[in-house]
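Worksheet: one structure, shown below.
The values are calculated or read from the model by the stated rules, or taken from the named source; none is laboratory data. Bear in mind that the values here come from a model prediction, so they are computed numbers and not experimental data. Every residue, glycine among them, receives a Cβ derived from its backbone with ideal geometry; neighbour counts consider all protein chains shown.
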Amino acid sequence: MTVIQPSGAYCKYQVGPATIQTLDSVSEMRGLMGQVVSHQDDLESSSSILESGMGFQRLDLRFAGSGNTFGPLDKTSLIAASLYYSLEKGYFLFKNLDPAGDLNSIVPNLRDTFIVQNAKIKAIPEEGKMLSDNAAYLQMDGPQGPRNYFLSFPNEEIKTIPLGFNAGVMVHEFAHYFTQYAFHMKRSEAGKNLTDESENTLNAFDEGNSDYFAFLATRDPGFFHCSFPNAGDRDLSHPKVLTNQQLQAIRTSVDFDSHDGGAVWASVQYQIGEAIGHEQNGQSLISFLNRLATCTGLSSSSARVTFNTLKNCHIQALGNRATPQVQQIYQSAFGALGAN
Amino acid sequence: MKSFSLLITLLFLNTPIALARPLAPLMPPRERASVISSSMPTAKKQLARSERQAFGLETGLVGIGNNSSGDIAKLQLVFGLRANYIFPISQRFFLKPSIGFFLRPESEGDVSITQNIVESGLGAQYALVLRGSLMWHLGISQHLDYLFSRISVYDSSAMTPGLFRYRVGPSTGLRLRLGDGWDFTSDLEAGVIPTDSMRTQVSFSSGLIFFLD
């Protein structure tokens, strides 16, 4: 399939053939990762839409080619193919790093995932303005159990690589999907009832961890800036430290942005990967995610979660790969603040 | 008295007025071939516009049915040029082979995709109305299209594989006389693509026709 794909260097993208292995139907863009669909309404205009998956429609896609070689003929089809390709890239990244990362053996209805192109959701429910230039993973509890969605919002202001073509951004969302099943769904009711501070810490970690997997998939530590060149520093290769200001935002939820603290976690993982090998670190993080609910105690009770809690769980998962250099990287980034 | 009446009748019938009407051929309609009697060998045979060979150049658009990303009325519009040849078969029937090239550029950020259609067509048309300087024709058109797209991002680009596609459907058109040697033409075609779930496709083109004879 001809798609837009990252080529490894900083924000370098190319057009080229890519193998998409899990498609059942090219014309419907449907397979193991789910189906690329659209919905004409605001997804939050009725609870039945996301809870039951009502009203989603297959896209009218056009591809040229035959056998194993296809190319999208129009923009809608190109975005649809790129979305599916990016998510599959995330799927194989996790699966190949560790068999325990195979989402197909964890999510019973993986094929029912809806990958929503041009998703419509109001930015603020009371206002008419719709969300744009963003992407999200979303899980909703419905009558038939949890339903999973990837939402790709319309592109309005991005002049470089729109998010639907940014493989890093979609793998980032895929990592949220994995974290949801590996960690969040293993939290007990008590474990879900945390203070804002603990919940904010977990959200920040979730964002940073997803950024690191996005880097692993694209090998581009600046993948985020390919779409947002002027946004705050989310380049993983730039070392970052947890600041008092960030910690204050985590504690109070005032001006809190989970991506800020997340950028620190992501840069730490990047440095650890540079030290011990990114594949080894990726494997350790899958193991860490699978054990995180137990390690933090959230599988059975409520507990306070700090960056130090997360660090200790990761060190545990690293085992003998947790070299003094790794400890030092954590110390430099979190210092004494990580325990607060 | 009887002889006088016969004489008067013969004299009357011999006047040019009396004799001309029943013998002279009716004037042919302006748009039809003038059947000039062999007694006027120097007159040039005039052909109706439907009977004349012509070459046409048209600009137009193709609307491809698409439920997800139509520009207007659920149609993706592809713009281009078409050249055609008009080959008369009879007084009112003519064939209209054509070739055309249409494209539709789309972009999002630094990513662009241009859809290309190279078409070859053959239409069979019947001139339903030939009145004054107007001709209205109706018929059937079929096209064999070759589709491919060019995708680009930054300095990288690639062509998709190509796709052949056959479409067929009714067509109609109007021609308006602009001068002795040329007409304005407008053509409308509608069709379905049997190999693509009967996807609908319409096209509209306008341009000039230049007579070759």
Enumeration of residues in segment A:141-157 that are touching a residue at least 40 places away in the same chain (Cβ under 8 Å) and either under 12 Å from the mean Cα position of the chain (by Cα) or assigned to a strand (DSSP E or B) (or both): A:D141, A:G142, A:R147, A:N148, A:Y149, A:F150, A:L151, A:S152
Cβ pairs under 9 Å, 6+ apart, first in segment A:158-170 and not assigned by TED's automatic domain parsing to the domain that holds A:L138, second buried (at least 24 other Cβ atoms within 10 Å of the Cβ) and not basic (K, R): none
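A quick yes/no check of all residues on (1) within 19 Å of A:F228 (Cβ to Cβ); (2) at pLDDT 90 or above; (3) not charged (D, E, K, R):
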position	(1), (2), (3)
A:T113	no, yes, yes
A:V116	no, yes, yes
A:I121	no, yes, yes
A:P125	no, no, yes
A:L131	yes, yes, yes
A:A135	yes, yes, yes
A:L138	no, yes, yes
A:Q144	no, no, yes
A:R147	no, yes, no
Residues that are in contact with a Lys or Arg (Cβ under 8 Å, 6 or more places away or on another chain), without any contact (Cβ under 8 Å) to a residue 12 or more places away in the chain and more than 7 Å from chain A (Cβ to nearest Cβ), drawn from segment B:129-162: B:M159
In segment A:41-55, residue nearest to the other protein chains (Cβ to nearest Cβ) [restricted to those that are free of Cβ contacts under 8 Å to residues at least 60 places away in the same chain and of a type outside the set (S, T, Y)]: A:G55
Qualifying residue in segment A:140-156 (condition: among the acidic types (D, E), away from chain B (no Cβ under 14 Å) and in contact with a Gly (Cβ under 7 Å, 6 or more places away or on another chain)): no
Matching entry among A:R30, A:R58, A:R62 (being basic (K, R) and more than 12 Å from every other protein chain (Cβ to nearest Cβ)): A:R30
Per-region count, segment A:12-22, residues facing another protein chain (nearest Cβ under 9 Å) and touching a residue at least 12 places away in the same chain (Cβ under 8 Å): 5
Count - residues of segment A:223-233 that are assigned to a helix (DSSP H, G or I) and either out of contact with any helix residue (DSSP H, G or I) (no Cβ under 6 Å at 6 or more places or on another chain) or without any contact (Cβ under 8 Å) to a residue 60 or more places away in the chain (or both): 3
Options A:L50, A:L43; residue that is within 24 Å of the chain's Cα centre (by Cα), assigned by TED's automatic domain parsing to the domain that holds A:P108 and surrounded by 23 or more Cβ atoms within 10 Å (Cβ to Cβ): A:L50
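So that you can scan it fast, the table gives a plain yes or no per residue for (1) over 18 Å from the mean Cα position of the chain (by Cα); (2) of a type outside the set (D, E, K, R); (3) over 14 Å from A:F205 (Cα atoms):
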position: A:Q245; (1), (2), (3): yes, yes, yes
position: A:Y270; (1), (2), (3): no, yes, no
position: A:G277; (1), (2), (3): yes, yes, yes
position: A:G282; (1), (2), (3): no, yes, yes
position: A:L292; (1), (2), (3): no, yes, no
position: A:S301; (1), (2), (3): yes, yes, yes
Qualifying residue in segment B:179-186 (condition: of a type in the set (V, I, T) and in contact with an Asp or Glu (Cβ under 8 Å, 6 or more places away or on another chain)): yes
Residue within segment A:164-175 that is small (G, A, S), within 26 Å of A:G55 (Cα to Cα) and surrounded by 15 or more Cβ atoms within 10 Å (Cβ to Cβ) present: yes
Matching entry among A:A80, A:A119, A:A182, A:A167 (being more than 14 Å from chain B (Cβ to nearest Cβ) and either touching a helix residue (DSSP H, G or I) at 6+ places or on another chain (Cβ under 8 Å) or under 26 Å from B:G70 (Cβ atoms) (or both)): A:A182
Residue within segment A:252-265 that is closer than 18 Å to A:A175 by Cβ and β-branched (V, I, T) present: yes
Filter result for B:V202 (closer than 30 Å to B:P105 by Cα, surrounded by 15 or more Cβ atoms within 10 Å (Cβ to Cβ), in contact (Cβ under 8 Å) with a residue 40 or more places away in the chain and more than 18 Å from the chain's Cα centre (by Cα)): no
Among residues of segment B:57-107, those that are away from chain A (no Cβ under 14 Å), charged (D, E, K, R) and either out of contact with any strand residue (DSSP E or B) (no Cβ under 8 Å at 6 or more places or on another chain) or part of a loop (DSSP other than H, G, I, E, B) (or both), counted: 1
B:E119 vs. criteria closer than 21 Å to B:A190 by Cβ and surrounded by 15 or more Cβ atoms within 10 Å (Cβ to Cβ): yes
Residue list for segment A:234-276, filter: hydrophobic (A, V, I, L, M, F, W, C) and in a helix (DSSP H, G or I): A:L247, A:A249, A:I250, A:A263, A:V264, A:W265, A:A266, A:V268, A:I272, A:A275, A:I276
Some residue of segment A:303-318 being surrounded by fewer than 22 Cβ atoms within 10 Å (Cβ to Cβ), at pLDDT 95 or above and not in a helix (DSSP H, G or I): no
Residue list for segment A:247-257, restricted to those being in contact (Cβ under 8 Å) with a residue 24 or more places away in the chain and either within 14 Å of chain B (Cβ to nearest Cβ) or within 24 Å of A:L285 (Cβ to Cβ) (or both): A:L247, A:I250, A:F256
